[in-house]
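A.B. asks: My questions all concern the structure below.
Derivation of every value follows stated rules applied to the coordinates shown; laboratory data play no part. As the structure is a prediction and not an experimental result, all values here were calculated from the model. No Cβ is skipped: glycine too gets one built from the backbone with ideal geometry, and neighbour counts run over all protein chains shown.
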Amino acid sequence: MNPILETKNLTIKFGGHMAVNDVNLTIYEKQFKSIIGPNGAGKTTLFNLLSGQLSPTKGQIYLKGEDVTALSPAIRTRRGIGRSFQITNVFPNLTVIENIRIAVQSQMGIRYQMLKHFQKYLGIAEKAEQLLELVMLKNKANSFAKNLAHGEKRKLEIAMLLALETEILLLDEPTAGMSVEEVPAILDVIHTIKKQGKKTIILIEHKMDMILDLSDSVMVLFNGSLLAEGTPQEIMKNETVQSAYLGGLYDGSIA
Ligand SMILES: Nc1ncnc2c1ncn2[C@@H]1O[C@H](COP(=O)(O)OP(=O)(O)O)[C@@H](O)[C@H]1O
Ligand SMILES: [Mg+2]
């Protein structure tokens, strides 16, 4: 397995607070890596560093061995690091399929500049349909984005993230704020993406059953530092993790 994303001594300080503290991580191609840790542990900040929204106080980020620490978020996306953002990229007054088409179009604009227009548009429509199907929103294709239920919005965001065609997907609590009924659908979507086997996925989640079910490897962040790393089973059994974090969240049984 080849490393796709690595950090060396990655650190960011907010005032006197080390939100991410000397984190060394290696993520391999096609790996499904989960990040767990209590609120305020630095998980989202780590994603902001990986995607380029924040610059580290110290340390480096390598994408396929190349130092990308100084590159902008847009360039990192083009090189393969995809991050979904809530709300910002979704046009509320356009329909679901229109939103997906725009996301596909912006990606294709970069890659297929040389193609003739009619070919370009054909490709866009087909691609958008495929994504619509993948995230199971076909029945909502012509609904305005603003009228979607919370869970459906998250599915649309995932479709728009996939439209970017990045090798790496950063998913920050994709089920947060969802009703119990909405969670299985998002899980299905993530399972389908995983099964297709084309992506490296880094998932931040609190739901332990989801972590156990999906992850090849789990890392635990605690106070900005990497506390432990291993298979989901190893992490659940790890005594340091138990006492620092899992004790109150997980009953100890392995699903
Ligand atoms: N832009 C920022 N400015 C100052 N402090 C921040 C900023 N972003 C996050 N923090 C702080 O960094 C710590 C880690 O936050 P965060 O990465 O959001 O944690 P998590 O996602 O694990 O819940 C928290 O103490 C939070 O208050
Ligand atoms: Mg967070």
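A.B. asks: Taking the Cα atoms only, what angle lies between the long axis of helix 96-111 and the longest principal axis of the chain, rounded to 10 degrees?
C.D. replies: Rounded to the nearest ten degrees, it is 80.
A.B. asks: Let me ask you something else. Taking only Cα atoms, what is the 0 to 90° angle, nearest 10, from helix 117-134's long axis to the longest principal axis of the chain?
C.D. replies: Result, in degrees: 50.
A.B. asks: Return the equivalent ellipsoid semi-axes of segment 132-196 as a descending list in whole Å, where each equals the square root of 5 times an eigenvalue of the C-alpha gyration tensor.
C.D. replies: Working: eigenvalues 63, 42, 25 Å².
With the √(5λ) rule applied to segment 132-196, the semi-axes are 18, 14, 11 Å.
A.B. asks: Of the cross-linked pairs Lys140/Lys198; Lys58/Lys155; Lys127/Lys198, which ones have a Cα-Cα span greater than 28 Å in the structure shown?
C.D. replies: Lys58/Lys155, as the Cα separations exceed 28 Å there.
A.B. asks: What is the spin-label model distance, in nm, from Lys138 to His206 if the labels are put 7 Å beyond Cα along the C-beta direction?
C.D. replies: For Lys138 paired with His206, the spin-label model returns 3.5 nm.
A.B. asks: Run the quick spin-label model on Asn147 and His191: label points 7 Å from Cα toward the beta carbon, then report their separation in nm to one decimal.
C.D. replies: 3.0
A.B. asks: Once the dipole of the chain is set up with Lys and Arg at +1 and Asp and Glu at -1 on Cβ about the Cα centre, which of Gln107, Ile4, Thr57 lies farthest towards its positive end?
C.D. replies: Of Gln107, Ile4, Thr57, it is Gln107.
A.B. asks: Right, another one. Which percent of Cα-Cα pairs in the chain sits in each 5 Å bin, short to long?
C.D. replies: 1, 6, 13, 16, 18, 17, 13, 9, 5, 2, 1, 0, 0
A.B. asks: When the helices in the chain are scored as -39500 (n - 2.57) per DSSP H run of 4 or longer and the sum is shared across all residues, what 222 nm value do you end up with, to the nearest 500 deg cm²/dmol? Before the final figure, lay out the partial values.
C.D. replies: Working: 9 runs with 97 residues, N = 255.
Calculated mean residue ellipticity at 222 nm is -11500 deg cm²/dmol.
A.B. asks: Sticking with this structure for a sec: What Kirkwood hydrodynamic radius, in Å, does segment 1-99 give when the mean of 1/r is taken over all pairs of distinct Cα atoms and then inverted?
C.D. replies: About 14.8 Å, per the Kirkwood formula over Cα pairs.
A.B. asks: If you don't mind, another one. Of Lys153/Lys195; Lys8/Lys207; Lys64/Lys237, which ones are farther than 26 Å apart at the Cα?
C.D. replies: Numbers: Lys153/Lys195 22 Å; Lys8/Lys207 28 Å; Lys64/Lys237 32 Å.
Lys8/Lys207; Lys64/Lys237, as the Cα separations exceed 26 Å there.
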